[in-house]
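Heads up: the structure comes next, in structure tokens.
The values are calculated or read from the model by the stated rules, or taken from the named source; none is laboratory data. If you're wondering where the values come from, they're calculated on a predicted model, not measured in any experiment. Because the Cβ atoms are built from the backbone with ideal geometry, glycine has one as well, and the counts that use them run over all protein chains shown.
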């Protein structure tokens, strides 16, 4: 089947994008699984190492044990962060292979993804780190603003609404909490939507790190609603799958007298490892859907703003022109003008010069 014709590049709604992403995920499940499984296993090993080191860390059982467990905690953190960075870098790098799949019908292969990612490896890593730093910085600022607003609200509420009925105080507190939560969510979406197309700008348009961030901010300026819809769908299916996997484990632990409270810290080591295993499994299975959705959104934005479908169709149907220059006539000593023997223009010119020098030397002699 002609992939370009089956995937009509036309403006799509959030529902269309999610539907096509799910269909692509089903069609290329094994390829996408091969792409993300290696960094996921690295992050999983880091999480397990961190858990074991943290549970066995003690300053009362000798310096050797404290040093070993401390090193295990640090190694676990490093492995986990490295695995996650590579995980998201590979997902972003898949966008180039996906665009090639749509544009020219090139089969989507894990080997092709690795090859394209290897060519832009450091740019992808740098962009991933920059995006993480940017998002974390904005979240830190939002946290400080929230703490400041919370202090002001608590101070004013003790003066203004402390004498009101309890039900009215509950309503006031609820309205304040919902308003702050909505504001933080909107701020997160505004920031996240500005950097969502950084991997696509890096891989498809081959821009630098800072140019890709600027390009992403330009493209995704007014698509907050569709990005929010894609994120809501991703969160919904992620929690659904995670609960589907974790609930049987929780029931088993509860029936066997295990403290299943995630903040209790009384669960045995095998239970924590099982929880991490199921959490990592759900991420491996579902993270490619978000990547496919945002790549489709990137294509849709370029279709709306830049006529990207016309560009792809032109590149597909119109082969680049090839100009072949005819051989130029070269006057060579001993041959008539216009002689175009087997040699090139430069070769024949050098031969003519050498013959002229030889004749001049013979006359001088």
Members of the range 20-37 that are touching a residue at least 40 places away in the same chain (Cβ under 8 Å) and over 14 Å from residue 94 (Cα atoms)
20, 22
From 97, 103, 119, grab the single residue that is in the same structural domain as residue 205 (by TED's automatic domain parsing) and within 13 Å of residue 200 (Cα to Cα).
97
Would you confirm whether or not the range 177-188 contains a residue that is surrounded by 15 or more Cβ atoms within 10 Å (Cβ to Cβ), closer than 30 Å to residue 205 by Cα, out of contact with any strand residue (DSSP E or B) (no Cβ under 8 Å at 6 or more places or on another chain) and modelled with pLDDT of 80 or more?
yes
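Tell me, please, whether a residue that is surrounded by 14 or more Cβ atoms within 10 Å (Cβ to Cβ) and at pLDDT 80 or above can be found in the range 1-13.
no
In this structure, is residue 47 under 18 Å from residue 269 (Cβ atoms) and assigned to a helix (DSSP H, G or I)? Don't jump to the end; show me each part of the working.
Working: under 18 Å from residue 269 (Cβ atoms): yes; assigned to a helix (DSSP H, G or I): yes.
Yes.
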May I ask you to list the residues in the range 291-318 that are in contact with a helix residue (DSSP H, G or I) (Cβ under 8 Å, 6 or more places away or on another chain), modelled with pLDDT under 65 and either surrounded by 24 or more Cβ atoms within 10 Å (Cβ to Cβ) or not in a helix (DSSP H, G or I) (or both)?
none
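Against the definition (within 29 Å of residue 47 (Cα to Cα), assigned to a helix (DSSP H, G or I), in the same structural domain as residue 44 (by TED's automatic domain parsing) and more than 26 Å from the chain's Cα centre (by Cα)), how does residue 249 come out, yes or no? If you could, list the steps in order and put the result at the bottom.
Numbers: within 29 Å of residue 47 (Cα to Cα): yes; assigned to a helix (DSSP H, G or I): yes; in the same structural domain as residue 44 (by TED's automatic domain parsing): yes; more than 26 Å from the chain's Cα centre (by Cα): yes.
It is true that residue 249 is within 29 Å of residue 47 (Cα to Cα), assigned to a helix (DSSP H, G or I), in the same structural domain as residue 44 (by TED's automatic domain parsing) and more than 26 Å from the chain's Cα centre (by Cα).
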Anything in the range 103-113 that is touching a residue at least 24 places away in the same chain (Cβ under 8 Å) and either out of contact with any helix residue (DSSP H, G or I) (no Cβ under 6 Å at 6 or more places or on another chain) or part of a loop (DSSP other than H, G, I, E, B) (or both)? List them, or say none.
104, 105, 108, 109
State all residues of the range 129-140 that are surrounded by 16 or more Cβ atoms within 10 Å (Cβ to Cβ) and without any contact (Cβ under 8 Å) to a residue 60 or more places away in the chain; if no residue qualifies, say none.
138
Looking at (1) in contact (Cβ under 8 Å) with a residue 40 or more places away in the chain; (2) in a helix (DSSP H, G or I), which is the one condition that is false for residue 228?
(1)
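Residue-wise test of (1) out of contact with any helix residue (DSSP H, G or I) (no Cβ under 9 Å at 6 or more places or on another chain); (2) over 22 Å from residue 294 (Cα atoms); (3) assigned by TED's automatic domain parsing to the domain that holds residue 292; (4) free of Cβ contacts under 8 Å to residues at least 24 places away in the same chain.
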residue: 126; (1), (2), (3), (4): no, no, yes, no
residue: 142; (1), (2), (3), (4): no, yes, yes, no
residue: 153; (1), (2), (3), (4): no, yes, yes, yes
residue: 174; (1), (2), (3), (4): yes, yes, yes, yes
residue: 179; (1), (2), (3), (4): yes, yes, yes, yes
residue: 194; (1), (2), (3), (4): no, no, yes, no
Against the condition farther than 28 Å from residue 190 by Cα and either loosely packed, with under 15 Cβ neighbours inside 10 Å or at pLDDT 80 or above (or both), how does residue 157 come out, does it pass?
no
